[in-house]
Amino acid sequence: MNSCEQIRTAMMAYDWIGFDLFDTLLLRPFLQPDDLFCQMEQELQVPDFAALRSQTENQLRQGRKRELTFLEIYQAIQQKTGVSDAVIQQWMDLELELEWRYCYPRESGLSLYCAAKEAGKHIAIVTDMYLPIDQIVRMLQKVGAGDYDLLLLSSELGYSKANGGIYRQLKRMEIPPKQFLQIGDNRIADVENPRCLGLQGMWLPAARAVFQHYGRLYPAIQAEQPSLAERCSVALAVNTYFDDPFRMMRRECDWNADPYFMGLLLPNAEHLPEVVTQDFMFQRGQERAMQLATHFFEHPLPAAQGAIEMLCHHAAEADRAAFPKDDAWAAVCTPCGFSTLPEPKKPAKWKTHLRLLRQFLSTCRV
């Protein structure tokens, strides 16, 4: 498999198509799932709420066979903190509201969903998640995936894709195994586990996983611990640029020699060379980044400074990796680790623009 188009073609051989939800049909503007809890902490103004929320869920999962529920998480938080029922309800309501507020469709996943619907396939939403079923239904409707035949949710069933229980449930429902194809971002839960039970699965890697797999920007973010606003700015760029996870990536080149990606990463571009900021593709990326940030957070994210600093930190290595020779830049392209891809064809003028950008990034100081 080396493209979304091949997944689309493969779907036509099956009567039932199962879709994972998070990172497959919908995205959130967060670099890590726990960033939503950081946003909650800011809105609630409760110190260390994010750590409390994450640690409580992780502790409840240890040694547990039955799937966790949303209510169980907050009951455990209440036992730890001793807060009132009213406060716990406020916290629960806010998490559900933020989950709904920030979710939006993943274009590549939704296009596969629409293709399956147009082809008259039966659609199953098969997802591991602790959120209540009415919340999942709301989110599916919001992202345009509300027309399905079956919804299997781990928090309702008590078992999950991860332990294979949901797929055993499918077989008990007399859906012919050879007529069911699962599509999702988790290679184990969405591909290997259904295959072990006689069903089929295909992998649509998460945008965040592709970004983590390449370049040095992700480990730099992890090491330097930037603000939530900076992480969200990068996440919006990642979700847009790597929505198609099968694009060619350049070895150790965070921006893939693409002015559009640089515009996404650096929405406040007044510090960049004029020749770059005037580039049409850079401007398109910049406009898109500002639109996304304003849409989700109601104001532009003050993340450009942090992103520039992280890119500057690695500029020299990126130069050597991306452009060892002016006449052979394509030689350092490597296929995506998830698939085999053709080499991209970039106009030569991008090399000039990016060379100027690299020169600036190697000398600027934030």
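Below are the figures for this structure:
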| quantity | calculated |
| --- | --- |
| Cut-off under 5 Å, modelled amide H: who pairs with Gln200 long-range | Phe180, Gln182 |
| Whole-Hz couplings from phi, Karplus 6.51/-1.76/1.60, listed for segment 114-121; x for Gly and Pro | 5, 5, 5, 5, 5, 7, x, 7 |
| Packing-based order for 28-39, 135-146, using average beta carbon neighbours within 10 Å, highest first | 28-39, 135-146 |
| Dipole magnitude of segment 78-154, debye to nearest 20 (Cβ charges: Lys/Arg +1, Asp/Glu -1, about Cα centre) | 160 |
| Greater than 22 Å apart at Cα, pairs in Lys65/Lys161; Lys117/Lys142; Lys142/Lys171; Lys121/Lys171 | Lys142/Lys171 |
| Separation of the Trp100 and Asp34 label points, Cα + 7 Å toward Cβ, nm | 2.7 |
| Apportionment of accessible area to carbon and sulfur, segment 44-117, percent (1.4 Å) | 50 |
| Burial ranking of peptide ranges 225-234, 18-27 (average Cβ count within 10 Å, highest at the top) | 18-27, 225-234 |
| Simple spin-label estimate for His295 and Thr81 in nanometres, 7 Å along Cα-Cβ | 3.1 |
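The values are calculated or read from the model by the stated rules, or taken from the named source; none is laboratory data. As the structure is a computational prediction, the values presented were derived from the model and not from experiment. Cβ atoms come from the backbone with ideal geometry, glycine included; neighbour counts cover every protein chain shown. Ligands, DNA and RNA are stripped out before the accessible areas are found, and what is left, the full protein with its side chains, is counted by its heavy atoms. Shrake-Rupley method; radii C 1.70, N 1.55, O 1.52, S 1.80 Å.
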